Amino acid sequence: MRAFCCAILIFGLAASAQVFHLSALDWSPDGTRLLLVTNFQLFLAEDESLRKLTPIYAETWTDWARFGSDEWFVFPSPLADGFGLWRGFLDGREPELLHRSEKPILWPTVSADGTKIAFVEDWNDLVILDLSRGEARTVLGGDWPKATPEFLPTGQALLFAGFWARDHEPNWEIFYLDLATLNLIQLTADLFFDWCPRISPDGLWIAFVSNRGGTGDIWIMPLFGDTPFPVTEDPWDDAFPAWSPDGSTLGYASFRLEGWEFRRTGTH
């Protein structure tokens, strides 16, 4: 099962050796910086072609990173006795170890107010770390893989991708978890690969990756109800959506003939 999930994870996301492999890309909250992971190393991009890269923590191995603010970000990395969740700084300070676990820590993301981090532990458990208390709690378990959590702007709920069985055929779907009641709502139910949900700044729209149009494109749907619609429709693999601060633009990575590039598209 895990090998199958790993294969799905890199579907449409692995760049050719001509440029680089891209496992994560995020746009800073102020829209001025790009943070990415290529070949398991952290970089800042100096331009949207993703060709001029500045390494961050060059000796550190990771496969994911997300901004927590305009000045810091989070990422997972192995430790000698397990796995660590780290806060990295764009000013060059040494990274801060926030949490450690014997199990893999995957896809951390930060709440809008910067006080909590959600991540997946060992593929199956959704965990929230309260930075003020230093306490971690599992908010959703169960023997089915989960990935790419995303806080709503209010912090009241999480979106995430889950590898869920539908009519005995498991697929990656988008889910909503209310953190007060722990009620779970399935937002997509189809035969397609739905992945990496990102919520708009006003909390009303979800951008996500889907191959429902044939190739990996960026789609948008209302938080609850109605039919998703594409905002990219091209023969390329598009991934890692991220909203501009005012919600009028989506940034995303697109794998073109020349390799991965950062692109923008309107949302209206």
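Every number here is computed from the coordinates shown, using simple stated rules; none is lab data. If you're wondering where the values come from, they're calculated on a predicted model, not measured in any experiment. For neighbour counting, all protein chains shown are included, and Cβ atoms are generated from backbone atoms with ideal geometry for every residue, glycine included.
As a proxy for reagent exposure, ranking 236, 243 by other Cβ atoms within 10 Å from fewest up yields 236, 243. For residue 103, the lysines whose Cα comes closer than 17 Å to its Cα, not counting residues fewer than 8 places off in the same chain, are 146. Put a plus charge on the Cβ of each Lys and Arg, a minus charge on the Cβ of each Asp and Glu, and nothing anywhere else: the dipole of segment 2-266 about its Cα centre is then about 220 debye. Net length available on complete extension from residue 234 to residue 70 is 55.9 nm, with 0.36 nm assigned per residue and the Cα-Cα distance removed. Label positions at residue 103 and residue 178, each projected 7 Å from the Cα along the C-beta direction, are separated by 2.6 nm. Averaging Cα coordinates gives a centre for segment 63-99 and one for segment 126-151; these two points are 17 Å apart.
Only helices enter this figure: runs of n ≥ 4 DSSP H residues, each worth -39500 (n - 2.57), summed and divided by the residues of the chain, yield -1000 deg cm²/dmol at 222 nm to the nearest 500.
Can you give me the Rg/Rh ratio for segment 2-266, using Cα atoms for both radii and the Kirkwood formula for Rh?
Result for segment 2-266 is an Rg/Rh of 0.93.
Rounded to the nearest 20 debye, the dipole magnitude of segment 50-96 is 260 debye, with +1 charges on Lys and Arg beta carbons, -1 on Asp and Glu beta carbons, and the Cα centre as origin.
Out of every Cα-Cα pair in segment 87-211, what percent are more than 26 Å apart? When all Cα pairs of segment 87-211 are counted, 21 percent exceed 26 Å. Students often forget the sequence filter, so: which aspartates and glutamates lie under 13 Å Cα-Cα from residue 116 once same-chain residues fewer than 8 apart are removed? Result set, ordered by chain and number: 130, 135, 150. Toward the positive end of the charge dipole of the chain, with +1 on the Cβ of Lys and Arg and -1 on the Cβ of Asp and Glu, the farthest Cα among 98, 31, 253 is that of 98.
Build a GNM of the chain with springs between Cα atoms under 10 Å apart, and of 108, 235, 29 the one that fluctuates most is 235.
Each of 52, 146 was scored by other Cβ atoms within 10 Å of its Cβ. Listed from fewest to most, they are 52, 146. Overall size of segment 149-243 from C-alpha positions, given as principal axis extents largest first: 41, 34, 21 Å. In plain terms, the chain from residue 165 to residue 138 could stretch by 7.5 nm, reckoned as 0.36 nm per residue minus the Cα-Cα distance.
Think of segment 115-238 as a dipole: +1 on every Lys or Arg Cβ, -1 on every Asp or Glu Cβ, centred on the Cα centre; then among 129, 163, 218, 129 lies furthest on the positive end.
Which one, 151, 80, 188, projects farthest toward the positive side of the charge dipole computed for the chain from Cβ point charges (K/R +1, D/E -1)? Among 151, 80, 188, the one farthest towards the positive end of the dipole of the chain is 80.
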